[in-house]
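Visitor: Got a structure here, written out as structure tokens. Questions coming.
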């Protein structure tokens, strides 16, 4: 284990950014999101959750796929170059790291998404243990330990020191490159980290959703849950705004569009939402013609369809962003609780 004084973190970030791109939580106009590091960036490691998850370091909100140009009647297709420079995503929380594992199941399965695979190959994740989990957090329900997130490197903040532990070959390589600013930790430092983890676990046990039961949710209950009359009650406050899908660490829906450049076309993909009426719209129309069906799709995918096809892994990580951000107070916790109450009738 290594360590560095909090006062020296700027030196750490500068050293990382010398040879790699660095992304970390940055406060811009009061909103904290992951962004590229610059010398004058207002780095914020104290805010528990960024507004959006940092998944767009690997699955960007918008990215070009290829460009078609037309000159003298001839068409030329230029594929977008794949990511070829190493980068570090610093400060991801355990829930967001778990979210990347979910995305891996989608984009690294056959046929492999080459754009995503290139970013995963060149990206190193430094996970930051949560200091004080909030009431909307329920990552424990989905097997996430926010006190000890598993990534290439795990770090803990305790008092005025950041403790650093490399867990993979990528993590070891990054650690070696930072030898001039990282110091060796000793047994007292190990004890400080253990005390920090114990304090975090104590907070987690007191959170209102930490013991939320997933009983009755798995890949074998498709018909039972799909046909439930509860969906007709639950969906009505939904505004179809898509906020839940855009802040979610695991949502992977996207659209592919063309942009007319004047002498050709840029084809790009961008995040989309299953909550929108034109999502997957085809010439014959849309298979999900009502907002109830779209609302049901979102939660069935998280809690039934995904685990049915991924050895029981849910595609929710309990980050609580949908709990915090939904303008109609609709979220996955409310859905799970509603079905639990139905079973008690």
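The values are calculated or read from the model by the stated rules, or taken from the named source; none is laboratory data. This is a predicted model, so every value here is computed, not measured. Cβ coordinates were reconstructed from backbone atoms using ideal geometry, including for glycine residues, and neighbour counts include every protein chain displayed.
Visitor: Mind checking whether some residue in the stretch 211-229 is over 22 Å from the mean Cα position of the chain (by Cα), within 20 Å of residue 130 (Cα to Cα) and surrounded by 18 or more Cβ atoms within 10 Å (Cβ to Cβ)?
Guide: No, because not a single residue in the stretch 211-229 is over 22 Å from the mean Cα position of the chain (by Cα), within 20 Å of residue 130 (Cα to Cα) and surrounded by 18 or more Cβ atoms within 10 Å (Cβ to Cβ).
Visitor: Further question: Across the stretch 172-197, what is the number of residues that are more than 18 Å from residue 22 (Cβ to Cβ) and within 23 Å of the chain's Cα centre (by Cα)?
Guide: Matching residues across the stretch 172-197 total 1.
Visitor: Just checking, which of 293, 266, 252 is over 30 Å from residue 67 (Cα atoms), surrounded by 12 or more Cβ atoms within 10 Å (Cβ to Cβ) and either in contact (Cβ under 8 Å) with a residue 24 or more places away in the chain or assigned by TED's automatic domain parsing to the domain that holds residue 333 (or both)?
Guide: Among 293, 266, 252, only 293 is over 30 Å from residue 67 (Cα atoms), surrounded by 12 or more Cβ atoms within 10 Å (Cβ to Cβ) and either in contact (Cβ under 8 Å) with a residue 24 or more places away in the chain or assigned by TED's automatic domain parsing to the domain that holds residue 333 (or both).
Visitor: So, one more: Cβ-Cβ below 7 Å, separation at least six or inter-chain, first residue in the stretch 2-24 and farther than 20 Å from residue 35 by Cβ, second in a helix (DSSP H, G or I): which pairs?
Guide: 2/175; 3/189; 4/12
Visitor: If I go through the stretch 229-244 residue by residue, how many of them are assigned to a helix (DSSP H, G or I) and touching a helix residue (DSSP H, G or I) at 6+ places or on another chain (Cβ under 7 Å)?
Guide: Looking only at that region, the number is 6.
Visitor: Write out, first by first residue and then by second, each pair whose Cβ atoms fall under 6 Å of each other, whose residues are 6+ apart or on separate chains, and whose first residue, in the stretch 101-125, is without any contact (Cβ under 8 Å) to a residue 12 or more places away in the chain while the second is in a helix (DSSP H, G or I) and surrounded by 16 or more Cβ atoms within 10 Å (Cβ to Cβ).
Guide: As it stands, the answer is 113/107, since those pairs meet every condition given.
Visitor: A further question follows. Give the stretch 83-106 a look and list any residue that's surrounded by 13 or more Cβ atoms within 10 Å (Cβ to Cβ) and either in a loop (DSSP other than H, G, I, E, B) or modelled with pLDDT under 95 (or both), or say none.
Guide: The answer is 83, 86, 93.
Visitor: Something else about it: Could you check, for the stretch 275-291, whether at least one of its residues is touching a helix residue (DSSP H, G or I) at 6+ places or on another chain (Cβ under 9 Å) and closer than 30 Å to residue 145 by Cβ?
Guide: no
Visitor: Look at residue 241 and say whether it is touching a residue at least 24 places away in the same chain (Cβ under 8 Å) and buried (at least 20 other Cβ atoms within 10 Å of the Cβ).
Guide: When the stated conditions are applied, residue 241 does not pass them.
Visitor: Taking residue 169 and the conditions (1) under 30 Å from residue 63 (Cβ atoms); (2) more than 23 Å from the chain's Cα centre (by Cα); (3) loosely packed, with under 15 Cβ neighbours inside 10 Å; (4) outside the structural domain of residue 293 (by TED's automatic domain parsing), which numbered condition does it fall short on, given that it satisfies the others?
Guide: (2)
Visitor: Being over 25 Å from residue 109 (Cβ atoms) and part of a loop (DSSP other than H, G, I, E, B) narrows it down to one of 262, 219, so name that one.
Guide: Every option except 262 fails the conditions.
Visitor: Also: Sort through 179, 192 and tell me the only one that's part of a helix (DSSP H, G or I), without any contact (Cβ under 8 Å) to a residue 40 or more places away in the chain and either farther than 23 Å from residue 94 by Cα or assigned by TED's automatic domain parsing to the domain that holds residue 97 (or both).
Guide: Every option except 192 fails the conditions.
Visitor: Residue 69 is checked against (1) in a strand (DSSP E or B); (2) modelled with pLDDT of 95 or more; (3) surrounded by fewer than 22 Cβ atoms within 10 Å (Cβ to Cβ) and fails just one. What number does that condition carry?
Guide: Answer for residue 69: the failing condition is (2).
Visitor: Turning to a different aspect of this structure: Sort out which residues of the stretch 135-171 are over 14 Å from residue 90 (Cα atoms) and in contact with a strand residue (DSSP E or B) (Cβ under 9 Å, 6 or more places away or on another chain), and write them in order of number.
Guide: 147, 148, 160, 161, 167, 168
Visitor: Taking the criterion of being more than 20 Å from residue 201 (Cα to Cα), touching a strand residue (DSSP E or B) at 6+ places or on another chain (Cβ under 6 Å) and in the same structural domain as residue 43 (by TED's automatic domain parsing), would at least one residue in the stretch 126-134 satisfy it?
Guide: yes
Visitor: Here is a list of conditions, (1) out of contact with any helix residue (DSSP H, G or I) (no Cβ under 7 Å at 6 or more places or on another chain); (2) at positive phi; (3) in contact (Cβ under 8 Å) with a residue 24 or more places away in the chain, and residue 318 meets all of them except one; can you say which number that is?
Guide: Result: residue 318 fails condition (1) only.
Visitor: Among the residues of the stretch 198-212, are any at pLDDT 95 or above, out of contact with any helix residue (DSSP H, G or I) (no Cβ under 9 Å at 6 or more places or on another chain), part of a helix (DSSP H, G or I) and closer than 30 Å to residue 20 by Cα?
Guide: The answer is no; no qualifying residue exists.
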